[in-house]
Amino acid sequence: MGEDEKPGLGGQSRDKLIRSKEKWAEEGRLLTGAPDPAHRNRLPPGQREVKTWPVLDLGGQPDVKPENWRLQVLGLVENPVALTLTQFMALPQTELVSDIHCVTAWSRFDNRWQGVASRTLLELVKPKPETRHVVFHSYDGYTTNVRLPVFAEDDVLLAHSWEGKPLAREHGGPVRVVIPRWYFWKSAKWVTRIVFHERDRPGFWETRGYHNDGDPWNEERYS
Ligand SMILES: Nc1nc2c(c(=O)[nH]1)N[C@H]1C(S)=C(S)[C@@H](COP(=O)(O)O)O[C@H]1N2
Ligand SMILES: [Mo]
């Protein structure tokens, strides 16, 4: 792990937090048994709308100074890059509005994000043909995985701002991933490394009972 990449809360409280979420998965908490694959409702099954923006993490929020932030994009790509925040901000910029759906049952509508579209990044690094999977690595040691076509959707971005202001540290600033079609645990905060693979590598929650995909309308909460 690098200088800024220290896991948050050590020891007992972190273990307790992780254990209680694993228990949710074992018990199948919040499942309604009534999926909505056609998206008839804006709110996915078992979710409730909130107007606040809850903070979820593993008990620590890494303090990554903008000048120290790096984004490495590597693995099965033609053109691996390591970007400073200045270089990242110089890439073509996108603004997108999307809803958040957290697996703990809250949803937040109409979040306005500014950042770099995943497609812009893909054009820059050029994944090799055998690439199938993407893993995000964060400064707090968190990881999460998605299939390449999921990352390549046109509503996915690496966000540095929310509602026109720099993304707050508690929400993953300087830069986080936003994958609005999946539960929000796929949207890595404090992202620092994006690695392209031929084989899948389940991430932090995916190896602790959570679904490998995470489509809220199909209630893909747990594996
Ligand atoms: N690096 C990192 N990213 C993370 C997490 C985390 O613990 N560490 N938690 C995930 C989970 S479970 C959720 S619901 C969202 C929460 O994002 P928010 O705190 O901005 O609402 O971040 C996701 N990304
Ligand atoms: Mo979550």
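Counting only DSSP H runs of at least 4 residues, each contributing -39500 (n - 2.57), and dividing by the residue count of the chain, the helix-based mean residue ellipticity at 222 nm comes to -4000 deg cm²/dmol. Restricting the GluC sites (Glu not before Pro) of segment 138-223 to loop positions (DSSP other than H, G, I, E, B) with no more than 13 neighbouring Cβ atoms within 10 Å leaves GLU163, GLU198.
Cβ-to-Cβ counts within 10 Å put TYR139, TYR222, TYR210 in ascending order as TYR222, TYR210, TYR139, the fewest first.
Is segment 112-177 rounded, prolate or oblate when judged by the Cα gyration tensor, a ≥ b ≥ c being the square roots of its eigenvalues, rounded requiring a/c under 1.5 and prolate requiring a/b larger than b/c? Judged from the Cα gyration tensor, segment 112-177 comes out oblate (a/c at least 1.5, b/c at or above a/b). Between segment 68-121 and segment 189-223, the C-alpha centres lie 17 angstrom from each other.
Residues whose amide H lies under 5 Å from that of VAL175, counting only those 5 or more places away or on a different chain, are TRP190, VAL191; hydrogens are built 1.01 Å from N in the peptide plane. Scaled against 2.2 N^0.38 Å for its residue count N, the alpha carbon radius of gyration of the chain is 0.98. Per the Kirkwood formula applied to alpha carbons, segment 37-130 shows a radius of gyration over Rh ratio, Rg over Rh, of 1.05. Net length available on complete extension from VAL81 to HIS39 is 11.4 nm, with 0.36 nm assigned per residue and the Cα-Cα distance removed. With a cut-off of 11 Å between beta carbons, the residues surrounding ASP110 carry a summed charge of +1, where Lys and Arg count +1 and Asp and Glu -1. Grouping the Cα pair distances of segment 16-87 into 10 Å bins from zero gives a pair-distance distribution of 13, 22, 26, 31, 9 percent in increasing distance order.
Readers should treat all values here as calculations from the given coordinates under stated rules, not as data from a laboratory. Predicted model, so just to flag it, every value in this text is computed and none were measured. Virtual Cβ from ideal backbone geometry, glycine too; neighbours counted across all protein chains shown.
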